[in-house]
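Chemist: What follows is a structure written as structure tokens; I'll ask about it next.
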Amino acid sequence: MASSKFRDDKIKNLVLKLHTLLPQLNHKFDHSKVPIAEILKETCDCIKKLEREIDDLSERLWEQLESMGVDLEMVKRGLN
């Protein structure tokens, strides 16, 4: 029973940390009453958005390097 309580407290603390990273939730809910499911949903949405932004920025970077005449194969080999 004590390990279950410890695990629940640990999960609550991790969810609270996630909540601090999602300022958009502060506009929707009272700070102390944000549903855990909403925090997890917003976290997943945020991660997906960041992944899309990374992909877009990577593509723009490669296009910019290519337009500058940079040897992209050499750059790719350097990243591995």
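Chemist: I'd like the full set of residues that are part of a loop (DSSP other than H, G, I, E, B) and surrounded by 11 or more Cβ atoms within 10 Å (Cβ to Cβ), limited to the range 36-70.
Modeler: 70
Chemist: State which residue is modelled with the highest pLDDT when the search covers only the range 17-32 and only residues that are closer than 14 Å to residue 43 by Cβ and among the hydrophobic types (A, V, I, L, M, F, W, C).
Modeler: If we take residues in the range 17-32 being closer than 14 Å to residue 43 by Cβ and among the hydrophobic types (A, V, I, L, M, F, W, C), then 18 is modelled with the highest pLDDT.
The values are calculated or read from the model by the stated rules, or taken from the named source; none is laboratory data. What you see is a predicted model; the values in this text were computed from it and never measured. Virtual Cβ from ideal backbone geometry, glycine too; neighbours counted across all protein chains shown.
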